[in-house]
Amino acid sequence: MKPIYMDNNATTRVAPEVVQEMLPYFSDLYGNPSSMHAFGGNVGAKLKAAREHVASLLGALPEEILFTSCGTESDSTAIHAAIRAHPEKKHIITTRVEHPAVKNLGEHLAKNGYRVTFVPVDRQGRLDLDYLYKKLSDDTAIVSVMWANNETGTIFPVEEIAKTVRERGIVFHTDAVQAVGKIPIDMADSAIDMLSISGHKLHAPKGIGVLYIRKGTKFAPFLMGGHQEGGRRAGTENSASIIGMGRAAQLVMEYMDDENTRVRALRDKLETELLKRVPNSMVNGDPENRLPNTTSVAFEFIEGEGILLLMDQYGICASSGSACTSGSLEPSHVLRAMGVPFTAAHGSIRYSLSIYNTEEEIDFVIDKMPPIIERLRQMSPFWQQAQKAS
Ligand code: PLP
């Protein structure tokens, strides 16, 4: 059974064009890009081109691009770089809805000598900007706010926040792992100092990430050793993956229009039809400022895990809004921070599309979801209670 893949915020298919571009660098062209001989030098030239492609996607300078191993490494490098560059500052600001790559690091630092402010969100997942601005202080080393939320797709006003943060002389980082490739980004006209990207969210392979570091930003390297990446990240370059990332950056520029027109229309059709056909269903997150590919739909009074299992029988892949912690299903920290009621958070399903999804797939999912929900509700004591009460 061919999967109907609607879990692209978890990971994406590597584009065939990217695979083609990478293959020779696993076999014939295996030279070390830093070697003096032409055999390695040719790989070095290809890495230079890849860096230029990524820079051009972001409106950045090639020397502002640092290749890392993943989005998590980029986030960690940015935050550690800022606190090490400003050792006298002991305060960090982030949000309550970050990916664990930032959230868990923030919680770790909070136990290790830092004051960490987690900015709250409202019921639609929008940030309390007044709260954030009031917390800025001379002791703040870095503000890190994600550009778009991976669970709900909510887009945050990071450009606006970055400007205010810069006026206070504080470093601003954004986790743009879900935003890059879906919405236009131009670092030339921006106050953002550092920005994280992950290859496997935009049709490049797993194991490659990017950290954009604005020229002039104080930076302290995390990995020390050789002078790869301009001395900012030691270790022989992951040539094939960097080359794949460069090709993916070119493709992203080509398909961004499709993402914002055709993919957005598919997402809207899926969402509208599900809300129409399934009673007691609602969308989580800001309906306006949202990624074009994502919808998080809450089906009240049932468990997301049960829904995923039945969807899986048809080969439909998506994610739920709960995570298994210590044997019990807990709604995600994002939905909890938004104050989504337990009965809705538990039955939340995130559908995240890509340019590879088709209208036939959307129609198939629209057809299969209502009976799945109905079947689970017939077995749910919460649903029976709700029916009796109404
Ligand atoms: N940040 C966000 C918003 C994400 O969605 C993810 C992955 O889901 C990450 C960071 C981590 O990226 P990676 O898996 O490349 O470490």
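Only the coordinates and a few stated rules stand behind these numbers; no lab work does. Please read these numbers as outputs of a predicted model, since none were measured by experiment. Don't worry about glycine lacking a Cβ; one is built from the backbone with ideal geometry, like all the others, and counts go over all protein chains shown.
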In region 16-121, the trypsin sites (Lys or Arg not before Pro) that sit in a DSSP loop and have at most 14 other Cβ atoms within 10 Å of their own Cβ are LYS111
For region 28-126, listing chymotrypsin sites (Phe, Trp or Tyr not before Pro) in a DSSP loop whose Cβ sees at most 14 other Cβ atoms within 10 Å gives TYR30
Between ARG336 and THR11, the two model label points (7 Å from Cα along the beta-carbon direction) sit apart by a distance in nm of 2.7
Length gained if HIS227 through GLU305 is fully extended, taking 0.36 nm per residue and subtracting the Cα-Cα distance, is 23.4 nm
Rounded to the nearest 10 degrees, the helix 38-58 long axis (Cα) sits at an angle to the longest Cα principal axis of the chain of 50
Ranked from fewest to most other Cβ atoms within 10 Å of their own Cβ, GLU52, GLU271 fall in the order GLU52, GLU271
Debye calc, one equal point scatterer per Cα of the chain, no solvent, log10 I(q)/I(0) at q = 0.07, 0.08, 0.14, 0.15 1/Å comes to -0.34, -0.44, -1.22, -1.33
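GluC sites (Glu not before Pro), restricted to region 118-221: which are DSSP loop and have at most 16 other Cβ atoms within 10 Å?
Here no GluC sites (Glu not before Pro) fit, given the DSSP loop and packing criteria.
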Rounded to one decimal in nm, the spacing of the 7 Å Cα→Cβ label points at GLU52 and ASP128 is 4.9
Contour minus Cα-Cα span, ARG277 to ASP28, at 0.36 nm per residue, comes to 84.2 nm
Once both label points are put 7 Å beyond Cα along the C-beta direction, the LEU61-VAL19 separation in nm becomes 3.9
Ranked from fewest to most other Cβ atoms within 10 Å of their own Cβ, ASP257, ASP175, ASP193 fall in the order ASP257, ASP193, ASP175
Put in order of increasing Cβ neighbours within 10 Å, starting from the fewest, LEU275, LEU109 give LEU275, LEU109
Note on the chain, DSSP bridge orientation, antiparallel percent to nearest 5 equals 60
As straight-line cross-link partners of LYS90, the qualifying aspartates and glutamates (C-alpha separation under 14 Å, not fewer than 8 residues apart within one chain) are GLU107, ASP138, ASP139
